[in-house]
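> Submitted below is the structure of interest, expressed as structure tokens.
The values are calculated or read from the model by the stated rules, or taken from the named source; none is laboratory data. Note that this is a predicted model, so its numbers are computed, not measured. Cβ atoms come from the backbone with ideal geometry, glycine included; neighbour counts cover every protein chain shown. Only protein heavy atoms, including side chains, enter the accessible area calculation; ligands, DNA and RNA are left aside. Shrake-Rupley method; radii C 1.70, N 1.55, O 1.52, S 1.80 Å.
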Amino acid sequence: MEYLSIMKTVKRNCILWRSSMIYTLTTNPAIDMNISTKGMERAKVNRTFDTVYTPNGKGVNVTLTLKHYGVDSTVTGFFGGFSGKYIVEELEKRQVPVKPVWVDDTTRINIFLNDGEGEFKFVNSGSFVGRDQQDEMLHLFETAEDLSCLVISGSLPPGIEPSFYESILSICKKRGVDVVLDISSPKLKDLLKYEPLLIKPNDEEIEEIFGIKIKNEEDILHVLTFLKEQGARNVLLTLGSKGAYFSNGEDVYYSSSQPVKLLSSACAGDAALASFLSLWLGHPENVEDALKRSAATGANVAESNALGDFAKVDTYFHNIKIRKVEK
């Protein structure tokens, strides 16, 4: 399917989704400050350039990428202080619906610095979220009438225990709400029993959470089968520059990657997930184009500050190779 035809498909999907809504949850949002320098020296004034401030958090990135592809979604999360207010206001300026839960602490600010040779990441722990605020968020998911799919991304802030995930998935299971999980928490192992619609682990997370080391494609097929048996209905397994695998429990597909010069990896994985969902949620049979868009978008974002402008996605889309894996 050519790119223009894909965009027409997305517009048709938007009509179908007006009566329902994708929600994204970012429990630990942030302002991301992306900066560049020509090198760093200790005890010297190091001048920076190309500073970019963006409202951020993994679920926020998913929503902004979905919006780029014509798919509406609602941002939820815990926000506090001047930085939390900035994120909510910036999203509203972009016509993104936000349902914030406000906390007393200040939303974090993360720094991603590129010195011309590589990237340094300075990531803070986040604001404290109390029990009352957690209950407020759970009530939101219990009562949101238009909630049809919830994308949960990112880390937990101080104050929230991993059992919070189970509370959310229990509510979604009872309501018939599809859940997409992109979390690196060891709790992922326990959440598969809730049969999430899609999970997006990477090879490092598979080893850390499930104790399975991936060395070759045979290992990958074993992992995909194992995750299906544990409850995951679909799996998007990412391998960084080595590409990605997708399994729906019946068929397995491999997607190549697009080589780029890394500027900032901060948003690339979130954009790759969202761009996959932008096609696949409406047309789950269209796996190949969803994987191409995912790889192309993730690569373009990785060579950009923050999410960038997606200007090279169309070009990269045609470079991605998809292979159906023989089991």
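> Mind jotting down the distance between the C-alpha centroids of the range 134-209 and the range 276-291, whole Å?
Comparing the Cα centres of the range 276-291 and the range 134-209, I get a distance of 21 Å.
> Going by a ≥ b ≥ c, the root eigenvalues of the Cα gyration tensor, does the range 192-327 fall in the rounded group (a/c under 1.5), the prolate group (a/b larger than b/c) or the oblate group?
Taking the square roots of the gyration eigenvalues as a ≥ b ≥ c, the range 192-327 is prolate.
> Here's something else I'd like to know. Calculate, for residue 184 and residue 122, the FRET efficiency according to 1/(1 + (r/R0)^6) with r their C-beta to C-beta distance and R0 22 Å; round to the nearest 0.05.
In this case the efficiency is close to 0.75.
> In whole Hz, with x marking every Gly and Pro, tabulate ³J(HN,Hα) for the range 253-258 from phi via Karplus 6.51 cos²θ - 1.76 cosθ + 1.60, θ = phi - 60°.
Couplings: 10, 10, 10, 6, 10, 9 Hz.
> Considering only protein heavy atoms, what per residue accessible area in square angstrom results for the chain with a 1.4 angstrom probe?
Heavy-atom SASA per residue in the chain reads 46 Å².
> Please list the three semi-axes, largest first and in whole Å, of the ellipsoid equivalent to the range 50-185, using sqrt of 5 times the eigenvalues of its alpha carbon gyration tensor.
Three semi-axes, in Å: 25, 18, 15.
> For the range 132-275, what proportion of DSSP beta bridges, expressed in % and rounded to the nearest 5, is antiparallel?
Restricted to the range 132-275, the bridges split so that about 45 percent are antiparallel.
> Right, next: Say each of residue 314 and residue 72 gets a label point 7 Å from the Cα, pointing the same way as Cα to Cβ; how far apart are those two points in nm?
Label at residue 314, label at residue 72, 2.6 nm between them.
> Normalising by the residue count of the chain, find the relative contact order in percent from Cα pairs under 8 Å and 6+ residues apart.
15 percent
> Please compute the volume of the convex hull spanned by the alpha-carbon atoms of the chain and report it per residue in Å³.
139 Å³
> Let me know the Rg and Dmax you get for the range 196-275 when you use only its Cα atoms, in Å.
Every Cα atom of the range 196-275 included, Rg and Dmax give 12.6, 38 Å.
> Here's something else I'd like to know. If you count the DSSP beta bridges with both ends in the chain, what percent of them are antiparallel, to the nearest 5?
DSSP beta bridges in the chain are roughly 40 percent antiparallel.
> Given 0.36 nm per residue, what is the gain on full extension from residue 230 to residue 131 after removing their alpha carbon distance, in nm?
Between residue 230 and residue 131, full extension yields an extra 32.6 nm.
> Which distance in nm do the two modelled labels at residue 155 and residue 250 give, with both placed 7 Å along the Cα-to-Cβ direction?
My value for the distance between the label points is 4.0 nm.
> Turning to a different aspect of this structure: If you wrap the range 111-260's Cα atoms in a convex hull and average its projection over all directions, what's the area in nm²?
Projected area, direction-averaged: 10.9 nm².
> With each label point set 7 Å from Cα along the Cα-Cβ vector, what nm distance links residue 209 and residue 326?
About 3.2 nm, to one decimal.
> If you don't mind, there's one more thing I want to ask. Percent of alpha carbon pairs in the range 247-327 separated by more than 14 Å?
Within the range 247-327, distances greater than 14 Å cover 59 percent of Cα pairs.
> Further question on the same structure: Counting only protein chains, not ligands or nucleic acids, how are 102, 280 ordered by accessible area (probe 1.4 Å), most first?
102, 280
> Rounded to the nearest percent, how much of the accessible area of the chain (1.4 Å probe, protein heavy atoms only) is carbon and sulfur?
Within the chain, the accessible surface is 48 percent carbon and sulfur.
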